[in-house]
Amino acid sequence: MKNVCITGAGRGIGRGLSLYFLQAGYAVAALDADQQALKELQELAGTAAELLIIPCDVSSQAEVKQAFKHISKSWDSLYGLINNAGISKFEPFETLTLDNWQQVLGINLTGPMLCSQAALPLLRKSRGAIVNIASTRAVMSEPDTEAYAASKGGLVALTHALAISLGPDVRVNCVSPGWIDVTGLQHSEQKGDKLTANDHSQHPVGRVGQAEDVARLAEFLIDPANDFITGQNYLLDGGMTRKMIYS
Ligand SMILES: NC(=O)c1ccc[n+]([C@@H]2O[C@H](COP(=O)([O-])OP(=O)(O)OC[C@H]3O[C@@H](n4cnc5c(N)ncnc54)[C@H](O)[C@@H]3O)[C@@H](O)[C@H]2O)c1
């Protein structure tokens, strides 16, 4: 059976990933800390979908263990794990609190470590693959983004460390998105700002990214046909990290 576990699956890119993988014929285990978002995902997917809905805070080792115990009751192996859950909190470094630093690191970096560890027995059985969702902010920055940038830089490093530790059984790669428009993938009552022509045209490819862009690359990296690829970080940003912006 082709199956994937997606964290942060209720909203945003994770919602887009979940709907994409269901459409592509995968069974999906959807983990999220937001129960309302999971309920909406279930409604969007329909009752016929092969979807396991599992409330879980990925920064809690107890909740992650419980979630994978739940998955193990339904599935005896796992094809792919997509560590997508993440938060961003941007604040001036001078006033950055230790609590906020630890919360961002806890969800964005410790979460993928805990989920990868808990998923490993299932992943090994199908020679599966892990895809970590980092960010172009792992390699470039705006001011006041220390916790987020450090968490994503850590995730890129965790990716290559795991690729070496877990090979050849399990491959581990990273996707670092740039600007991905998630306004249509939020809580049903939330309305996002419309993107402007400038938002799109500043990208070398002429548009802002979509969740499907992330989903197609994640599917490619999980596919065992591509099993010569491990330990890599793919910048998926419409060319923005290759663009010089001196004015
Ligand atoms: N949207 C972008 O432009 C962009 C760019 C680069 C990287 N990313 C990364 O992609 C991932 C998804 O981002 P998004 O824009 O869809 O964000 P989002 O806020 O729209 O969705 C994040 C999802 O993660 C869930 N989540 C948050 N904390 C959690 C926790 N502790 N445990 C389990 N689930 C939790 C949320 O409930 C939500 O469903 C993140 O890791 C983010 O850093 C996004």
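Do we find a residue being touching a residue at least 40 places away in the same chain (Cβ under 8 Å) and in a loop (DSSP other than H, G, I, E, B) anywhere in the stretch 13-28? Yes - at least one qualifying residue is present in the stretch 13-28. Total residues in the stretch 29-53 satisfying the condition of being closer than 24 Å to Q117 by Cβ, within 16 Å of the chain's Cα centre (by Cα) and not in a loop (DSSP other than H, G, I, E, B): the figure is 5. Taking the stretch 127-141 as the range and being touching a residue at least 12 places away in the same chain (Cβ under 8 Å), away from the ligand (no atom under 12 Å from the Cβ) and assigned to a loop (DSSP other than H, G, I, E, B) as the test, the residues that pass are R127, G128.
For K65, indicate whether it is away from the ligand (no atom under 12 Å from the Cβ), of a type in the set (D, E, K, R) and either under 17 Å from L51 (Cα atoms) or outside any helix (DSSP H, G or I) (or both). Here the answer is no, as K65 does not meet what is asked. Scanning the stretch 69-111 for residues that are in a helix (DSSP H, G or I) and in contact (Cβ under 8 Å) with a residue 60 or more places away in the chain yields a total of 2. Exactly one condition in (1) part of a loop (DSSP other than H, G, I, E, B); (2) surrounded by fewer than 22 Cβ atoms within 10 Å (Cβ to Cβ); (3) within 16 Å of the ligand (Cβ to nearest atom); (4) of a type outside the set (G, A, S) is false for V58; which is it? With respect to (1) part of a loop (DSSP other than H, G, I, E, B); (2) surrounded by fewer than 22 Cβ atoms within 10 Å (Cβ to Cβ); (3) within 16 Å of the ligand (Cβ to nearest atom); (4) of a type outside the set (G, A, S), V58 is out only on (2). Tell me, please, whether a residue that is within 19 Å of C56 (Cα to Cα) and either modelled with pLDDT under 95 or crowded, with 16+ Cβ neighbours inside 10 Å (or both) can be found in the stretch 135-145. Within the stretch 135-145 (the criterion being within 19 Å of C56 (Cα to Cα) and either modelled with pLDDT under 95 or crowded, with 16+ Cβ neighbours inside 10 Å (or both)), the answer is no, since none of the residues qualifies.
Just checking, does the stretch 11-26 include any residue being of a type in the set (V, I, T) and within 14 Å of the ligand (Cβ to nearest atom)? Yes, the stretch 11-26 contains a residue that is of a type in the set (V, I, T) and within 14 Å of the ligand (Cβ to nearest atom).
Against the criterion of being farther than 29 Å from M1 by Cα, hydroxyl-bearing (S, T, Y), at pLDDT 95 or above and under 19 Å from the mean Cα position of the chain (by Cα), S151 qualifies. Name every residue in the stretch 17-28 that is within 19 Å of the chain's Cα centre (by Cα), surrounded by fewer than 16 Cβ atoms within 10 Å (Cβ to Cβ) and of a type outside the set (S, T, N, Q), in order of residue number. Passing the criteria: only A24.
The residues in the stretch 208-247 that are hydrophobic (A, V, I, L, M, F, W, C), part of a loop (DSSP other than H, G, I, E, B) and in contact with a helix residue (DSSP H, G or I) (Cβ under 7 Å, 6 or more places away or on another chain) can be counted, and the count is 2. Against the condition of a type outside the set (S, T, Y), within 16 Å of the ligand (Cβ to nearest atom) and closer than 17 Å to F21 by Cα, how does E40 come out, does it pass? Judged against the criteria, E40 is a match. Annotation: Q117 fulfils all but one of (1) within 16 Å of the ligand (Cβ to nearest atom); (2) part of a helix (DSSP H, G or I); (3) buried (at least 17 other Cβ atoms within 10 Å of the Cβ); the unmet one is (3). Filtered by the rule that a residue be surrounded by fewer than 17 Cβ atoms within 10 Å (Cβ to Cβ), in contact with an Asp or Glu (Cβ under 9 Å, 6 or more places away or on another chain) and within 23 Å of Q186 (Cβ to Cβ), the stretch 64-92 gives F90, E91. If you go through the stretch 157-206 and keep only what is in a helix (DSSP H, G or I), crowded, with 17+ Cβ neighbours inside 10 Å and either over 17 Å from the mean Cα position of the chain (by Cα) or away from the ligand (no atom under 12 Å from the Cβ) (or both), you end up with L158, T159, L162, A163, L166.
The values are calculated or read from the model by the stated rules, or taken from the named source; none is laboratory data. The structure displayed is predicted, hence computed values, not measured ones. All Cβ positions, glycine included, derive from the backbone under ideal geometry; neighbour counts span all protein chains shown.
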